[in-house]
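A.B. asks: Below: one structure in structure tokens.
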């Protein structure tokens, strides 16, 4: 994870909270939270003991990071309900994040907030959250290393979106007219337009249905883009 994404995640964490960072790897988020005195305690966990050891080495060499606890855990498996205020899961696929939450839903719902940064499958992740008693209270997005990312903050509550595009692209991001989302939609439209031109050059009648699908996707992306432009 690069610095920009890390900072946007950190900005969603409330001061003086107890934070669980799931899949911490090198422990960038826990170290930042500790160094900046944002969290009073951080539990950093990873399924890989080898990956977690990299963080443990850093902690052993610094007396300043004394509020970080490390834990080998498959998702939330080694946590207890109400042990933390905030659960952070970042840098994973949306389906994997969904599986982690589904497996230990009681523990997930005992936290005040979930902060989730999924690399893909955002539609499925948002649907899961709504279907399992979470509401989305904040969203942010950015480009980093030429790739588009979204970050979702939730709390327990009832909520449901009316439209597919709100689940796919983020209702709150659309409402606040995110410039990064606008750029991402332009990129998707351009990708499809270029692909259509390439397929037309082939002049194969069997590709007609695929071209139609791509044209319909362009109309879909353009509709969402128009909501940001309004």
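Every read-out reported here was derived from the displayed coordinates using simple, explicitly stated rules and does not represent laboratory data. Here the structure is a predicted model, which is why all the values come from computation and not from measurement. All Cβ positions, glycine included, derive from the backbone under ideal geometry; neighbour counts span all protein chains shown.
A.B. asks: GNM on the chain, C-alpha springs below 10 Å: top fluctuator among 194, 113, 204?
C.D. replies: Judging by the Gaussian network model, the answer is 204.
A.B. asks: How high is the relative contact order of the chain, in percent, with contacts defined as C-alpha pairs under 8 Å that are six or more residues apart? Numbers along the way, then the final one.
C.D. replies: Values: 378 pairs, mean separation 32.4, N = 230.
Worked out over the chain, it gives 14 percent.
A.B. asks: Follow-up question, since we're still on this one. Compute the acute angle (0 to 90°) between the alpha-carbon long axis of helix 49-60 and the principal axis of greatest extent of the alpha-carbon atoms of the chain; round to the nearest 10°.
C.D. replies: 50 degrees
A.B. asks: Then there's this: For Cα pairs less than 8 Å apart in space and 6+ apart in sequence, what is the mean separation divided by the residue count of the range 9-74, i.e. the relative contact order in percent? Please report the intermediate quantities before stating the final value.
C.D. replies: Numbers: 114 pairs, mean separation 22.5, N = 66.
Once normalised by length, the contact order is 34 percent.
A.B. asks: Right, another one. As an exercise, use a Förster radius of 25 Å and the Cβ-Cβ distance of residue 47 and residue 135 to find the FRET efficiency, rounded to the nearest 0.05. Show your work: numbers first, answer last.
C.D. replies: On the way: r = 28 Å, r/R0 = 1.14.
That pair, residue 47 with residue 135, gives E of 0.30.
A.B. asks: So which residue, out of 140, 21, 66, gets the largest mean-square fluctuation from a GNM of the chain using Cα contacts under 10 Å as springs?
C.D. replies: 66
A.B. asks: Separate question: Please identify, among 27, 157, 91, the residue showing maximal mean-square fluctuation in a Gaussian network model of the chain using a 10 angstrom Cα cutoff.
C.D. replies: 157
A.B. asks: Under the classification rounded if a/c is under 1.5, otherwise prolate if a/b is larger than b/c and oblate if not, where does the range 1-126 fall, given a ≥ b ≥ c as square roots of the Cα gyration tensor eigenvalues? List each step's numbers first, then the result.
C.D. replies: Numbers: a/c = 1.43, a/b = 1.41, b/c = 1.02.
Here the range 1-126 falls in the rounded category.
A.B. asks: Could you give P(r) for the range 66-163, binned at 5 Å from zero, as whole percent values over all Cα-Cα pairs?
C.D. replies: 2, 13, 24, 26, 18, 11, 5, 1, 0, 0
A.B. asks: Tell me the relative contact order for the range 111-195 as a rounded percent, counting alpha carbon contacts under 8 Å between residues six or more apart.
C.D. replies: Numbers: 106 pairs, mean separation 26.8, N = 85.
Reported relative contact order: 32 percent.
A.B. asks: Quick check: the angle from helix 179-202's long axis to the longest principal axis of the chain, C-alpha only, nearest 10 degrees?
C.D. replies: Approximately 40 degrees, to the nearest ten.
A.B. asks: While we're looking at this one, here's another question. Using alpha carbons only, how many degrees (0 to 90, rounded to 10) separate the axis of helix 122-131 from the longest principal axis of the chain?
C.D. replies: Helix 122-131 and the main axis of the chain meet at about 60 degrees.
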